[in-house]
1. First measure r as the distance between the Cβ atoms of residue A:138 and residue B:97, then evaluate 1/(1 + (r/R0)^6) with R0 = 35 Å and state the FRET efficiency to the nearest 0.05.
2. From the phi angles alone, apply the Karplus equation (6.51, -1.76, 1.60; θ = phi - 60°) to the stretch B:255-265 and give each ³J(HN,Hα) in whole Hz, x where the residue is Gly or Pro.
3. Once phi is turned into ³J(HN,Hα) by the Karplus curve 6.51 cos²θ - 1.76 cosθ + 1.60 with θ = phi - 60°, what whole-Hz value does each residue of the stretch A:106-122 show in order, with x for glycine and proline?
4. As an exercise, use a Förster radius of 60 Å and the Cβ-Cβ distance of residue B:63 and residue A:5 to find the FRET efficiency, rounded to the nearest 0.05.
5. What FRET efficiency would be calculated for the residue pair residue A:61, residue B:153, taking the C-beta separation as r and a Förster radius of 60 Å, to the nearest 0.05?
6. Out of A:192, A:35, A:82, any idea which swings most in a Gaussian network model of chain A, alpha carbons joined below 10 Å?
7. Once you put a point 7 Å from the Cα of residue A:76 and another 7 Å from the Cα of residue A:192, both along the Cβ direction, what distance in nm separates them?
8. For the ranges A:193-204, A:94-105, what's the packing order if you count other beta-carbon atoms within 10 Å of each residue, average per peptide, and put the highest first?
Amino acid sequence: MGDAVQPLLALSSLSCHYGKTPALRGVDIEVNEGELVTIVGANGAGKTTLLRAISGVLPIHGGSITFEGESITKMAAHHRCEVGICHVPEGRLMFADLTVADNIYLGGYAHRRDKSWIKKGTEWVYELFPILQDKAQDRAGTLSGGQQQMVAIGRALMGRPRLLLLDEPSMGLAPLLVADIFRVIRQLNQEEGLTCLMVEQNAKAALKIAQRGYVLETGGVTLSASASDLLANEEIRKAYLGH
Amino acid sequence: MGEVFLQSLITGVTVGSAYALVGLGFAIIFNASDVVNFAQGEFVMIGAMSAVSLLAVGLPFVVAIGFALLITVAIGMMLEKFAIEPAKSATVVSTIIITIGASIFLRGAALLIWGKNFHSLPAFSGEIPIHLGSATLTPQSLWVMGVTALMVLLVRSFFKRTVTGKAILACSANPMAASLMGIPVRRMMLFSYGLSAFLGGVAGVLIAPIAFTSYDAGMMLGLKGFAAAILGGLGNPMGAVAGGVVLGVLESLGAGLISSGYKDAIAFIILLLVLFFKPQGLFGRAGSDRV
Ligand SMILES: Nc1ncnc2c1ncn2[C@@H]1O[C@H](COP(=O)(O)OP(=O)(O)O)[C@@H](O)[C@H]1O
Ligand SMILES: [Mg+2]
C-alpha cells in the first residue's frame, strides 16, 4: 500500500494497563481498507486488551487511535459502534436469556431507527447462518458453542461494520465448526470487502485467510509481515504453528 | 368465618398490589445492576407526600398526581446520577449500602419538608363501597388493583416488545457486550431507576387514600416490597408481582383470622422462611423466564 492511502484504523503507541501492570506497551498497528489483518500471540499477550481498547470498553493510558483519519481516542464505546467499529468479543458474550432473534436485533441498536437496514441486515445474517433462522426464537444461552459464535458474528454484522474486530472466533469449537467460521470470515472479507482485524491463537488457520499479520508478545508488537511470510517464518512456526 | 376470609382477601389483594409495585421496582433495578435498592420504599413516600402537597397548594387532582410522579422519577434518576454512578467501581455490597444511605437521607429530607404529621389523599372516585355479601370493596381498592394490573402489563410488554426494554435486559445480561453493541449502559441504568421510581410513586398515590402516609412510611413499604421480591425470586419481575399479592393476602388473612398485632410480623416470618428454605423464591430466580 502506498503512502497516499490512509489506513482505516491506525493505533499509535497505544498503551494500557490493569492497575499498575502494563498489558500493552506502545503498540503501533495499521489496518487498511479491505484488509484482513490478524494478530497472533500467546495466551496473555494482550490481544483481547488490544481489541477492547479499540472498541473503547477499556480505558487506555497513552497513545492514540485513529479511525478513517479522525481521532477516536476519547470517543465513548457506544459511539464507536455508531461509526462502524463492531466487535465479536472473546467468549461470545451472549445475552443468554434473550432469544437469538433479539440478540441479533440488539446488534443493530445503533441503527435501530433505520428500519430498512434492520430488515436487510437481519436477512444478511440469516443468509450467512441459515441455522440461526431455525433457532431464532430459542434462548441464545441454549445454543451450542458454534451456533453462539454465529450469533456473536451476526450481532456484530448488524452494527453495519466498517471494521470488524474478531476475538478468537475459533475458541472452544470443534475443528469442523472452526473451518465453517473461518470460511464465513474469509467470505465476508473477500466477497463483501469487509475490513477485519482478527485475533487468534489458532495462528495457522488465521494466517491462511489473512493478508497481513502482527505478532504480539507481552504487550508489544515484535514482528509485522505479510501472512505468507509469517507462515514461512521458522521462529513463528516453532512458537505458534506447532512445528 | 367465610366473610372474614373474603374481606381479608379483598384487603390483602389491595395492599398486596402496592407491595407488588414496590417489588417490581426492586426487581427492575436488581436485574439491571444486581443491586438491591433500599431507597425503593422512599419513592412510594415521595410520590404520596408530593401529591398531598401539590393538591394542598390548589392544583387539580390529576395535575397534582402527574407532577408528583414526575418529581418521584426525577428523584429516582438523581439517585442514580449522583449517588450510584459516581460509585460505579464500587462493589455491589457498597452500592447497596449507598442506597441505604440514600434512603436515610431522603427520609430526613422528607421530615424537614413535611414534618412528622400523617397525611392522606382523597379517594380517586368517591367512597361508596360495593357490597359483596357482608364484605365490602371500596372504589379505591378497585383503582389500586386495576392500575397495578395495568402497570404490570405495561412493564411486561415494555421488556418484551420495545428496543429500550430489550436493551436494558441486555445490559443486565452482559454490560460489556451491550456496550459493544452501541447500547449506552449508563443511560439504561438511569432509565431503570426512573422506571422503578415511577412504579414506587404510582404505588404511593394509589395507596395514600387507604393508608396514611408520613415521612417514614417508605421504610415499612420498602421492606414489604423487598419481601415480595424475595418471595417471587429476586430479579424475577413477574415473580415479585405475584409475591406482593401473596404477601398482602397472607398478611391480611393472618390479621383477620389470628390478630392484627401479628400483621407485620407475618411478612417477616414469611421472608425468613423463604430465605431459609427456598432462597431462589417461590417462582424461581431470574433465568429461564425473566419477564
Ligand atoms: N481484567 C483484568 N485485570 C487484570 N489483569 C488483566 C485483566 N485482563 C487481562 N489481564 C492481564 O493482561 C494481560 C493481557 O491479557 P489479555 O489481553 O486477555 O491477553 P490475551 O487476549 O492475549 O490472552 C494478561 O497478563 C492478563 O493476565
Ligand atoms: Mg484473549
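The values are calculated or read from the model by the stated rules, or taken from the named source; none is laboratory data. If you're wondering where the values come from, they're calculated on a predicted model, not measured in any experiment. Positions of Cβ are backbone-derived with ideal geometry, glycine not excepted, and every protein chain shown enters the neighbour counts. Please note that ligands, DNA and RNA were not included when accessible areas were found on the heavy atoms of the full protein model with its side chains. Shrake-Rupley method; radii C 1.70, N 1.55, O 1.52, S 1.80 Å.
1. 0.35
2. For the stretch B:255-265, the Karplus-derived couplings read 5, x, 8, 9, 6, 5, x, 8, 3, 5, 4 Hz, x marking Gly and Pro.
3. Along the stretch A:106-122, the couplings run 5, x, x, 3, 4, 10, 4, 8, 8, 4, 5, 5, 4, 5, 5, x, 4 Hz.
4. On the way: r = 63 Å, r/R0 = 1.05.
E(calc), rounded to 0.05, equals 0.45.
5. On the way: r = 49 Å, r/R0 = 0.81.
For R0 = 60 Å, the calculated efficiency reads 0.80.
6. In the Gaussian network model the winner is A:192.
7. The two pseudo-label positions are separated by 2.8 nm.
8. Working: A:193-204: 20.8, A:94-105: 22.7.
Per-residue Cβ counts within 10 Å, averaged per peptide and sorted highest first, yield A:94-105, A:193-204.
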